[in-house]
Amino acid sequence: MAWGLFQKNDQSLIFQPKTEEEFFSLLLKKGLITPAQIEVLEKESARLQKSKREILVEKGLLSPENLALAYSLLFDIPLMHVPAGSVPENIINLIPKTIAVQLEMVAFGVEEGYVKIGLVDPFRVLNNLSLLKEILVQQKIVPRFYIIPLTDFRQAILSYERRPLISRITLAGLEIPYQVLIKLPQKVAEKYQMVVFGYLPDELLKVGMVHPDDPKILEILDFIERRTGLGIEKYQISEDDLQYALSLYQKPPPQTAPLPPQTVSEGVSEKAPKEKPAKPTITIEKVVAPKEELAGLLKKDVVNVKELEGIVQSGHVPKIVAGIINFACYKKATDIHIQPFEKDLLIRYRIDGLLRDIIRLPKEIHPATISRIKILSGLKIDEQRIPQDGRFDLKFQGREVDVRVSTMPTVNGEKAVLRILDKTVGILTLEQLGLQGSGFRNLVKEIERPYGIILSTGPTGCGKSTTLYAIISRIKNPTVNIVTLEDPVEYKIEGINQSQIRPEINYSFATGLRSILRQDPDVIMVGEVRDTETASMAVHAALTGHLVLTTLHTNDAASALPRLINMGVEPFLITSAINAIIAQRLLRRICQKCQEEVKLSPAVVAEIEKEVEKIPESTLKEFKIKKPFVFRRGRGCDECDHGYKGRIGIFEVLVMSPTIEDLAVGKRPASEIQEAAQKEGMLTMKQDGILKVLQGLTTYDEVLRMISLE
């Protein structure tokens, strides 16, 4: 392979110019693009008066990695990755930033007397060859060229920003207190070649590093800074300084008499000293509060409000918090709201999608209750000015339960919301979720295709992720590589690869999806399409032979198409990629123990009959729906309280057809797409809800609550 460099004597270019046709011939040969895509590009090229290659790059039909690979093969120039933060300041500045941005090239190293230069697009460089030669001569650079992905280039040019100077310090002979030194465990200090040598309680750490530019070390220190709230002063030290500091770990800590145990009142004492809690010892592998077994605080499960009131009377805050969570698990609540008011503290549960007031506690217990929850979830107890997020695990009746905590300051004090997720609940099937009839059959047909997008839409909390889990469960087998990107991972499924995104370290749906495509996947699940980049990459993945499952926030199935177009994805790509769009809502299910027949008013029955007339006759026959209609409700019993127990989904499944594709490409409104889909036999969520009312699964009131019947 040629290095793509200039001769030292005459600056003549070794890598040879290539044509656009050679470029697309290579893409076809390597399977990076299809003939159909080239045909579309040719049409767009004629319409926009741009080259096919320019349109290919603008539309993002190839990932940055695949595009870089294609350029590398075409021009016979090595492909190289430039790690983020790895470019020295004296190297990056060899090429002025304006030129680097204009030509999309960056100097990133020196090797054998040559300056290593990364190129994103060799065609761009060849079109500006005179400018390139001028810069190389002016800067006295003898280059060795490499191809780098666009993503690496964007990270590299950040090195042009002025970096803060890191002071040097000599540790040899400096007295470093043992209790300060061990704030960083010895194994960690040795591994990352850094030590803590100064500490200002609750405010500041002083850290010495042998390699202050190492991106991994900077990431770790940033993590510690965010988790502890301490400021970090960074210093550069020598290898000898490091060895001196490491030798101090061998000194035994001074022996001191143990402090007498402190007794804390089980109640809430207003006279307790208002001291800030001590900062925990910092570790890198684990900067979290210790977990405690909540079940051990209760002798038995809390099964009613009266028992919870008895626990509150004890005044033992850890036990009160344990009781609140235990009762929520017993009631199958999905969320606990701990909401302070001026005179009391309200505990509310979300059960079957609706919030219910459970119990009011004395306002005096509020600070201790929130502090207890913060301790369990590893949050800062003394930080009450800003929202915080955390989590912890517990066991309920032998089952693992994940609790995600969110706190937020309000005018009456901090509010906390606890999201409860039972990890051991089995994945439901599509039939158990409530999919039925033609919608079920159409969806099964589309998920059995080897490529394309299955899009689940609806508002937050309508069960979109649960539907995708059901699809994964249906298609999962040892011959299929399934990879998921989730936020959070709600259920662990044996046999598939599940990954949780972490935006705080730039691991987003978009960056994760880019990596997944290098993992040889057959099926990809992306938790949510949140931005244009994720949408474009999902479409690209579907068009290159992968089945993509993902979600989007829209009111109905038809609205998903205009929404994706508004996000910047080309209509002709969307219609080529999408197999089916599912829209859904969750309705409360009638309690089977106390259900009874009920008579509805003639006006309501007439309204239902009008809606039934819109349902295809074949569907009514399939579900044996005929007059006179029978309606049911839950009377209310000790198992359900309100006549409902559990939930069931209502769905509409829109499958792409030539008519739907034409409307989408023509950027027609969602109402026209919806109307066309209904003419082709799609059952709407309204109609599916009416069918479930007539099947005795839910009530007409529930349908009215979730869906407006025009």
Inset, instruction - Could you identify the single residue in Ile117, Ile169 that is under 30 Å from Phe197 (Cα atoms) and either hydroxyl-bearing (Ser, Thr, Tyr) or touching a Lys or Arg at 6+ places or on another chain (Cβ under 9 Å) (or both)? - result: Ile169
Inset, instruction - With the condition kept exactly as written, say whether any residue in the range 402-418 is polar (S, T, N, Q), modelled with pLDDT of 90 or more and either farther than 23 Å from Arg348 by Cβ or surrounded by fewer than 16 Cβ atoms within 10 Å (Cβ to Cβ) (or both). - result: yes
Legend entry - strands (runs of 3 or more DSSP E) wholly inside the range 379-461 containing at least 2 residues that are touching a strand residue (DSSP E or B) at 6+ places or on another chain (Cβ under 8 Å), at positive phi and hydroxyl-bearing (Ser, Thr, Tyr): none
Legend entry - Residue that is modelled with the lowest pLDDT, among those in the range 308-326 that are over 20 Å from Leu421 (Cβ atoms) and among the hydrophobic types (A, V, I, L, M, F, W, C): Val317
Inset, instruction - Working only within the range 484-523, note down all residues that are over 20 Å from Pro64 (Cβ atoms), in contact with a strand residue (DSSP E or B) (Cβ under 7 Å, 6 or more places away or on another chain) and among the aliphatic types (A, V, I, L, M). - result: Val489, Ile496, Val523
Inset, instruction - Examine the range 90-102 for a residue that is in contact with a Phe, Trp or Tyr (Cβ under 6 Å, 6 or more places away or on another chain) and among the charged types (D, E, K, R), and state whether such a residue exists. - result: yes
Inset, instruction - Would you kindly identify the helices (runs of 4 or more DSSP H) lying entirely within the range 39-104 that contain at least 2 residues that are under 28 Å from Met567 (Cα atoms)? - result: 52-59, 64-75, 97-103
Legend entry - Wholly within the range 482-587, strands (runs of 3 or more DSSP E) carrying at least 3 residues that are assigned by the TED database to the domain that holds Ile690 and surrounded by 18 or more Cβ atoms within 10 Å (Cβ to Cβ): 482-486, 523-526, 547-552
Legend entry - Contacts under 8 angstrom Cβ, first residue in the range 24-52 being closer than 20 Å to Thr544 by Cα, partner of a type in the set (Phe, Trp, Tyr) and at pLDDT below 85, 6 or more apart: none
Inset, instruction - Taking only the range 552-604 into account, find how many residues are within 15 Å of Lys667 (Cβ to Cβ) and of a type in the set (Ser, Thr, Tyr). - result: 2
Inset, instruction - Pull up the range 111-155, narrow it to residues that are among the basic types (Lys, Arg) and part of a helix (DSSP H, G or I), then point me to the one that is farthest from Glu20 (Cα to Cα). - result: Arg154
Legend entry - Only listed residue being part of a helix (DSSP H, G or I) and farther than 30 Å from Glu225 by Cα, chosen from Ile375, Ile359, Ile347, Ile365: Ile365
Inset, instruction - For residues that are under 21 Å from Ile475 (Cα atoms) and in contact (Cβ under 8 Å) with a residue 60 or more places away in the chain, tally how many sit in the range 491-512. - result: 3
Inset, instruction - Please go through the range 466-481 and pick out each residue that is crowded, with 20+ Cβ neighbours inside 10 Å and touching a strand residue (DSSP E or B) at 6+ places or on another chain (Cβ under 7 Å). - result: Thr467, Leu468, Ile471, Ile472
Inset, instruction - Go through Lys445, Lys423, Lys464 for me and flag whichever is among the basic types (Lys, Arg) and farther than 30 Å from Val405 by Cβ. - result: Lys445
Inset, instruction - Being crowded, with 19+ Cβ neighbours inside 10 Å, within 26 Å of Glu65 (Cβ to Cβ) and modelled with pLDDT of 85 or more narrows it down to one of Val106, Val87, Val101, so name that one. - result: Val106
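The values are calculated or read from the model by the stated rules, or taken from the named source; none is laboratory data. The model shown is predicted, which means the values in this text are computed figures rather than measured ones. Methodologically, a virtual Cβ is constructed for each residue, glycine included, from the backbone with ideal geometry; neighbour enumeration extends over all protein chains shown.
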